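Coordinate-derived values only; no laboratory data. Since the model is a prediction, treat every value here as computed from it, not as a measurement. Here the Cβ is made from the backbone with ideal geometry for all residues, glycine too, and neighbour counts use every protein chain on show.
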């Protein structure tokens, strides 16, 4: 796992631990510069994901099942590889019914802010629809788009863009969203 | 392509009668008054002289600061060049004293601006005259007096400059205006964003929100009293209305399971149009702020976003990818399929109708570059004004002759900044801000 991916994961934990706000990039994750951030800039909490060797843990889902799928430029269609990952996600969710998920759609920086928001939503919905088609209850899933606001990789080359055009299934304990 | 501006001094038979002047009776004009026509011809900036304004009592530093802002406003347009005081032959020592026009002619000043400032308590009074040096007359309507609070001294200067700019170009002014924008900090993958407002030239910054949640693309109401924007404050992107005076915020009623973004006001301020996403599909909706419910204006499986009203409120220009790539369409304000107006190569987005109704500004992406451009409302006469790694989101100055937009540099250290350019592609420049900034939106001209 790259450094950037690791820090993102830790921030996700902090966000989940801090509040029920699904915006794991929002209040609490920021700290510096925010006058009224609800969570503040406390230390990073790594509890909550569970033991990655435990197949019912969020850590296992994220690392072993795979929490994200990637997309081609401007596309929201699921590649065969993405369908494989999402089938495994659906199986896991069907076995571990105590979790709900927010599916985050993201875009690379090549595009306007508004269009990328809509594109990210399209990608998140493609994942949501696939998971539902595999038997995951619709009331366990919600979508959100970050457009180009939260790249995973920051370089301005296709190597980074390819990783940023993603939909990430973010789990939280609880039966519904 | 970037085209140079063309401005000429043009002969006019007469200027319309303007506001009452403070000046002595003008003599008959022997030649045409100084005139710049924006968009015609290529020419050197018009040389002007703005000697430091006179302190007529209690003004202290304000007198000099105000004349400096007048100079900065006028030179900032690219149409004027101030002749520094070291080159002046005459000194202006009294606002009502005689003018030695020969001395200003000798240094080739076409326009001379004199002014005086007085302060009593927190009240400031600024009066000025702009002279046609070659005719030895006051420019018609360019001799006025403004009063306000000392706190608003920059606005007095902007108002003076707006009058001079208007009289010489024939265009509306735009200096006495504010810009709302997103102030940014933090690394690219964890950007902190908060709303801020500033004078059009970057001065007088005030912050309207903290940076605890992502905020995007604020827009002023036509009266300048409210700002509408997209906020992640509830966890999901939602349209939020902010009262500029009280800073009270109101999130528009949620449609469960949806995301709302890209809002803009109608010209009368009573309606907002925006994008609503449901099940992955984004369409354009309208909502009357006085009640009346949600109206769906587009209905297509493609992405429809970035709506902007025509100034008469009868039409909406928007972006859609129904043909596979984002393009620009115009539809009636009541909704409909729309007519495509963008025809060139590449991807078009964020269309914004000029407040004058004559052009639509847009973002264009082609062959790995981004451009800000303008086109006629039927899509003809497309003209690209800028080119960079990432330029996006134009906003119109109140006079419809200048655009401001976001420019972002590439790579991990990439940062956003605000830039302006006039509609001929001339006078591209960065607006000074304390830190990185994006998504500017111009206010109307202040009252």
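Quick rundown of the values:
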| item | result |
| --- | --- |
| Residue order, fewest to most beta carbons within 10 Å, for B:56, B:381 | B:381, B:56 |
| Theoretical gain in end-to-end length, residue B:295 to residue B:106 [0.36 nm per residue, Cα-Cα removed] | 61.6 nm |
| Separation of the residue A:51 and residue B:389 label points, Cα + 7 Å toward Cβ, nm | 4.6 |
| Residue A:79 paired with residue B:234, simple spin-label distance in nm, labels 7 Å along Cα-to-beta-carbon | 3.6 |
| Ellipsoid semi-axes in whole angstrom, largest first, where each is sqrt(5λ) of the Cα gyration tensor of region B:178-442 | 24, 23, 18 |
| With 10 Å bins from 0: P(r) over region B:146-198, alpha-carbon pairs, percent | 22, 30, 24, 17, 7 |
| Quotient of C-alpha Rg and 2.2 N^0.38 Å, computed over the protein assembly as shown | 1.09 |
| Alpha-carbon centroid distance for the pair region B:176-199 / region B:225-252, whole angstrom | 15 |
| Fewest-first ranking of A:114, B:171, B:75, using other Cβ atoms within 10 Å as the exposure measure | B:75, B:171, A:114 |
| Gain on full stretching of the segment that runs from residue B:86 to residue B:68 - 0.36 nm per residue minus C-alpha separation | 5.0 nm |
| Fraction of alpha-carbon pairs over 20 Å apart in region A:76-177 - percent | 37 |
| For B:210-222, mean number of other protein chain Cβ atoms within 10 Å | 5 |
| Residue B:95/residue A:162 FRET efficiency (R0 60 Å; Cβ-Cβ; nearest 0.05) | 0.35 |
| Nitroxide proxy distance, nm - points 7 Å out along Cα→Cβ at residue B:381 and residue B:410 | 3.4 |
| Shielding by partners, peptide B:225-234 (average Cβ within 10 angstrom, other chains) | 2 |
| Helical mean residue ellipticity (222 nm; -39500 (n - 2.57) per DSSP H run of 4+; nearest 500) of chain B | -3000 deg cm²/dmol |
| In degrees, nearest ten, helix B:61-76 long axis to first principal axis of chain B (Cα) | 60 |
| Overall dimensions of chain B as given by Cα atoms, namely Rg and Dmax in Å | 23.4, 73 |
| Globularity index of region B:249-404, i.e. its alpha-carbon radius of gyration over 2.2 N^0.38 Å | 1.01 |
| In degrees, nearest ten, helix B:153-169 long axis to first principal axis of chain B (Cα) | 80 |
| Calculated FRET value between residue B:55 and residue B:325, using beta carbons and R₀ = 56 Å, to 0.05 | 0.40 |
| Estimated FRET transfer efficiency (residue B:345, residue B:278; beta-carbon r; R0 51 Å; 0.05) | 0.95 |
| Residues B:181, A:130 arranged by fewest to most Cβ contacts within 10 Å | A:130, B:181 |
| Distance from region B:292-358 to region A:106-158 (C-alpha centre basis), Å | 23 |
| Mean separation of Cα contacts under 8 Å, 6 or more apart, over the residue count of region B:178-442: relative contact order % | 13 |
| Mean Cα-pair separation over length for chain B, i.e. relative contact order, pairs under 8 Å, 6 or more apart, % | 12 |
| C-alpha center-to-center spacing [region B:397-432, region A:52-97] in angstrom | 41 |
